[in-house]
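Each remark here refers to the structure printed beneath this line.
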Ligand SMILES: Cc1ncc(C[n+]2csc(CCOP(=O)(O)OP(=O)(O)O)c2C)c(N)n1
């Protein structure tokens, strides 16, 4: 049994964790569930469960399980637990910090640009920067990513450029997705980031299938990471993904971004029980829960998870706890369902960027002037890119008929021809000047 | 506004702003409002009219429940606003994020005879619930020999183009459900109809789906009767009488066709009869056949793709029943056989010009 699973078992069986029982205690069955009334040493022979018999009809209650604890390395002041310090060098930590700041800065401007009617839609990543950057930094770029939509930081880490982000938001000729999808539906073959799809959770069983296929490649050295929200985890596809990952033994990290909200629905209306992590062991999956506002906690846990997944060819459920600081999207006003004071805490002391900044200050790695100049420079780049991307034409409108199939079937050729004739006859009616000829 | 946003504002002022979308239709409000006894009318947009319908339903029927994703705080389109406060959170509530769960749960509620009003947040996200709706809701009565049913169940489902919704916030999936015996499927064209149809569906003894064109929630404003009333399911509306050609549509497309009828009169001196089909299943074959027998020409228009769109069914029926009356083939003007694209939406939609070209073609046939 792996260490992770052992720890897990201990935690879930002992009601004394809070009282400080040490972590390396030998796993024993949950007292509430099995000690007093076990009537036989022989486990059952039922194919569906290996469990002892008991003589009392006691329910196992949700409260019999202790919550899975939250792994944390750094506090709000940036003080790191020395035994858990990943000891990353200055350049690496600076890249982490700057990528988080870049994402945050770009988000602010693109959000505002939607308010100006320049792009049709946007979603910010505020408050979740550390879970994106911490996890991406612990992976190899050859690992495949299946995202939900709020994981732009993973792309930032891998080198997706400001130009690529903004061209996608405009759906212009340079958009990799050829103007087909709404803003923030990024994808990159080069960066092994599978194109985002709006229907929730559909990527989850897909990620599991990809991991299975990867496992079968000779000398496989890649894993799959699937990001999803705690809201999306309520979909049937999430169940399918967990169960397939476990039963088919797939090297995939099922990374839940638990930011407390699914649009207006708070997590306490989304599920009872111990979050998403609490489900992992029930599916037979090794599980870890981390402070998603602590970039080092995410990094360490992800490193360990990657090693485990690759070594064992088994999945991990990874739950990163955070708070969605921004509105759900530009279509949402979250003040209709939560208080400004609540948001404020997560936007200040509990903000992942603030924590990492405090850490860097302590290390003497933070130079106020240099960082201000960095932010200014990013703002300049983003604003400049907006004006450039906005001027780029949209793809030729015939692109609409491309990639429906591998080869365009006859009926689509006919429809395209019909539209060609129609547009030629009425050129003034169509916004042709905005589209590539 | 902070200094930061102000700077941005000035920055943005200096670069040319491209119009993101131009609305592809002009709204034609219903004018002949049916009087509802003892109550007046009030100006409402479509989400307010739907809100008013659900208010009546919850008021009149203590068993009625209203639920779906984010329904508690009013729903992402504001249709259920204030109803949780008024009727309590045991009757108006958020569900977990799971469409198959919403549909199955709604069926169970209706099995007991209680009334279920379930919202699916977008038509594009109804597919996880397809099995529950198609295999379960639609077939409950039939398979149990009539001893069990879920007739007191209504799904409300925002659908259709909005200008920038792309693949997954624009679809019109009515045809998938029209292929399912046991369901009733309706599409309102505006506030008055939305309220009456929703109340009719809630009272109907069969599972119903109301596809609500989301672009009309705010854009469509009418004088809506304040009291409770029903609009008949299965009854098409002739919105404009004409003798030369029949134009058939539903939802937002009705307004495109009404404008096209004006253009056809002005530019071609053609008299169009415009029919809102209103109900996709079971549809009003008689009104359509009578009109086509009179005009001899017909255009059916919908946003959904051409192949196997509901227009196909209408065309097939017309050639069967009106063959000798036809002066020209039945013409369909629809979305293309592609997914619904983002920046190409102006080229995708069956706009007024494409409809007008079809009329010209049929008149010159
Ligand atoms: C199948 C499906 N149903 C509904 C939606 C509409 N929707 C988009 S995002 C969202 C909330 C998702 O919340 P969560 O998974 O917690 O992620 P977060 O937005 O908090 O990052 C909903 C309901 C959708 N995109 N797909």
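The shape of the range A:90-390 comes out rounded: with a ≥ b ≥ c from the C-alpha gyration tensor, a/c is under 1.5. The mean number of Cβ atoms from other chains found within 10 Å of a Cβ in peptide B:91-100 is 6, as a whole number.
Given in Å, the Rg to one decimal and the Dmax to the nearest whole number for the Cα atoms of chain B are 21.1, 72. Can you tell me the orientation of helix A:368-391 relative to chain A, as the angle in degrees between its alpha-carbon axis and the longest Cα principal axis, to the nearest 10? The two axes meet at around 50 degrees. Summary value for chain A: 19 percent relative contact order, contacts being C-alpha pairs under 8 angstrom separated by 6+ residues.
Note the angle between two axes, namely the Cα long axis of helix A:236-247 and the longest principal axis of the Cα atoms of chain A, as a number of degrees from 0 to 90, rounded to the nearest 10. The two axes meet at around 60 degrees.
Taking the convex hull of the alpha carbon positions in the protein assembly as shown and averaging its projected area over all directions gives 39.1 nm². Computed over the range A:118-218, the P(r) tail beyond 19 angstrom holds 44 percent of alpha carbon pairs.
From its DSSP helices (H runs of at least four residues, each -39,500 (n - 2.57)), chain A gives a residue-normalised ellipticity at 222 nm of -12500 deg cm²/dmol. Secondary structure note: in the range A:90-390, about 10% of the DSSP beta bridges are antiparallel.
Of the residues A:182, A:408, A:416, which exhibits the maximal mean-square fluctuation in a Gaussian network model of chain A defined by a 10 Å Cα contact cut-off? Taking springs between Cα atoms under 10 Å, the residue moving most is A:408. The mean number of partner chain beta-carbon atoms within 10 angstrom of a residue's beta-carbon across peptide A:196-202 is 4. When A:227, A:283, A:122 are arranged by Cβ crowding within 10 Å, least crowded first, meaning fewest neighbours, the order is A:283, A:122, A:227. Comparing A:266, A:69, A:43 in a Gaussian network model of chain A (Cα springs below 10 Å), the most mobile by mean-square fluctuation is A:43. Partner shielding of A:178-185 amounts to 5, given as the average count of beta-carbon atoms from other chains within 10 Å of each residue beta-carbon. Counted by neighbouring Cβ atoms within 10 Å, the residues B:349, A:419, A:248 run from fewest to most as A:248, A:419, B:349. The equivalent ellipsoid of the range B:251-365 has semi-axes of 22, 18, 13 Å, largest first, where each one is the square root of 5 times an eigenvalue of the Cα gyration tensor.
Coordinate range of the alpha-carbon atoms in the range A:199-322 per principal axis, descending: 46, 32, 24 Å. Comparing mean-square fluctuations of A:188, A:339, A:234 from a GNM of chain A with C-alpha springs under 10 Å, the top value falls on A:339.
Note on the protein assembly as shown: antiparallel DSSP beta bridges, both residues inside, total approximately 20 percent of the bridges counted.
Working from Cα pairs under 8 Å separated by at least six residues, relative contact order for the range A:170-229 is 19 percent. Taking the number of Cβ atoms within 10 Å of each Cβ as an exposure proxy, the fewest-first ranking of A:75, B:320 is B:320, A:75.
No lab work stands behind these numbers, since they all come straight from the coordinates. Because the structure is a prediction, the values reported are computed rather than measured. For neighbour counting, all protein chains shown are included, and Cβ atoms are generated from backbone atoms with ideal geometry for every residue, glycine included.
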